[in-house]
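The values are calculated or read from the model by the stated rules, or taken from the named source; none is laboratory data. All of these numbers come straight from a predicted model, not from anything done at the bench. Every residue, glycine among them, receives a Cβ derived from its backbone with ideal geometry; neighbour counts consider all protein chains shown. Heads up: the accessible areas ignore ligands, DNA and RNA and are worked out on the full protein's heavy atoms, side chains in. Shrake-Rupley method; radii C 1.70, N 1.55, O 1.52, S 1.80 Å.
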Amino acid sequence: LDLTVKGDADATAKSLGGTVLPTGSVRLQNAGQVSTLAGYASGDWWVQDAAAAIPVKLLGDVKGLNVLDLCAAPGGKAMQLAALGAHVTAVDISEKRMERIKENLARVGLTADCVVSDAFTFDRAGYDAVLLDAPCSATGTIRRHPDLPYAKDGSEFGALIDQQEAMIDHALTLVKPGGRLVFCTCSLLPDEGEVQAEEALARHPGLTIDAEALHIAGIDADWITDEGGLRLRPDYWDEIGGMDGFYMAVLRKPA
């Protein structure tokens, strides 16, 4: 079980008998009932896979910035952004999931402007940064869901890939000139990762990819892909329990 901590990760790890991972998340073994753990009721941390916590870290210092979390449920990234001092707008199509986000924000003592909306009809523009964790095949979660190859036959993947492409194009209209879009998917499929980034660059003249943003604590240079994105795999950190598979890239809009 991985936790993202609002305050001192070392102190939280010591309190819960966990370890601090290279990227700053706290990992627990045999955690038991989450709501009974020290720090849950006081909102000191929230559950979030270590890989899922990395996209926000690629934005660096976001204090005072206006950041949109598009497709925000279950809310971990919105909480990260708010904890770092960003002015957060969290958008999700599901009213039920948005209620869960609001509950989580309240528990950890953070705030965000929570909007129930289809991502494609949300049209407020001018954000310093947009975070798009797009709906995907979820093949990157195979470490936690080993039945995945039997549960999915891949028939829906084509529609998801087309949707991701359209979401990237729409999200870029919400980013102010010179701003950034972090695109990510919890997928192991290049068509939901590397290929999406390459094709976005081809569709949008002047759009660039910021590979320098990937040089943060805990990231191995070998994980950086040829086009400048970051590819995470379940076998990375194998000796300490692995991580979810993810792809992420920081796209910068021309000024």
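I'd like the Karplus ³J(HN,Hα) series for region 49-57: coefficients 6.51, -1.76, 1.60, θ = phi - 60°, whole numbers in Hz, and an x wherever there's a Gly or Pro.
Per-residue couplings from phi come out as 3, 4, 5, 5, 7, 6, x, 5, 4 Hz.
Accessible area of E239, 1.4 Å probe, to the nearest 10 Å²?
So the heavy atoms of E239 present about 150 Å² to solvent.
Given 0.36 nm per residue, what is the gain on full extension from D113 to I216 after removing their alpha carbon distance, in nm?
Gain on stretching D113 to I216: 34.3 nm.
Return one whole number: the accessible area per residue of the chain in Å², for a 1.4 Å probe.
45
Put one equal scatterer on each alpha carbon of the chain, apply the Debye formula with no solvent term, and list log10 I(q)/I(0) at q = 0.11, 0.12 1/Å to two decimals.
-0.57, -0.68
Leaving out ligands, DNA and RNA, what percent of the accessible area of region 176-235 is carbon and sulfur, probe 1.4 Å?
53
Just need the relative contact order of the chain here, percent rounded to a whole number, with Cα pairs under 8 Å and 6+ apart.
It comes to 18 percent, rounded to a whole number.
Calculate the FRET efficiency for A255 and K102 from the Cβ-Cβ distance with a Förster distance of 35 Å, rounded to the nearest 0.05.
Plugging the Cβ-Cβ distance into 1/(1 + (r/R0)^6) gives 0.50.
What's the extension gain from R203 to A31 if we count 0.36 nm per residue and subtract their Cα-Cα distance?
57.3 nm
Could you run the Karplus curve 6.51 cos²θ - 1.76 cosθ + 1.60 with θ = phi - 60° over region 9-18 and give me ³J(HN,Hα) per residue in whole Hz, x for Gly and Pro?
With coefficients 6.51, -1.76 and 1.60, one gets 5, 5, 5, 5, 4, 5, 5, 9, x, x Hz.
Would you mind checking the radius of gyration and Dmax of region 1-82 based on alpha-carbon positions, in Å?
My reading of the Cα-based Rg and Dmax gives 12.8, 38 Å.
Out of residues 5 or more away from C114 or on other chains, whose amide H comes under 5 Å of its own, with H placed 1.01 Å from N in the peptide plane?
Here the answer is A90, since their amide H atoms fall under 5 Å of that of C114.
Could you tell me which of rounded, prolate or oblate describes region 71-128, using a ≥ b ≥ c as the square roots of the eigenvalues of the alpha-carbon gyration tensor, with rounded for a/c under 1.5 and, failing that, prolate when a/b is larger than b/c and oblate otherwise? It would help to have the intermediate numbers written out before the result.
On the way: a/c = 2.40, a/b = 1.19, b/c = 2.02.
Here region 71-128 falls in the oblate category.
Taking all protein chains together and a probe of 1.4 Å, list Y127, Y40 from the most accessible to the least accessible.
Y40, Y127
Taking every pair of alpha-carbon atoms in region 85-172, what share in percent sits in each 10 Å bin, from 0 to the bin with the longest distance?
Answer for region 85-172: a P(r) of 13, 36, 35, 15, 1 percent.
Show me, for region 36-43, the HN-Hα J-couplings you get by feeding each phi into the Karplus relation (A = 6.51, B = -1.76, C = 1.60, θ = phi - 60°), rounded to Hz, glycine and proline as x.
For region 36-43, the Karplus curve yields 9, 6, 4, x, 5, 4, 7, x Hz.
Given springs between every Cα pair under 10 Å in a Gaussian network model of the chain, which of D49, D92, D61 has the largest fluctuation?
Maximum fluctuation in the GNM of the chain, among the listed residues, is at D61.
Springs between alpha-carbon atoms under 10 Å, Gaussian network over the chain: tell me which of V26, V47, V130 tops the mean-square fluctuations.
In this elastic network of the chain, the residue with the biggest mean-square fluctuation among V26, V47, V130 is V47.
Given a 1.4 angstrom probe, I'd like the percentage of the accessible area of region 1-118 that is carbon and sulfur, rounded to a whole number.
48
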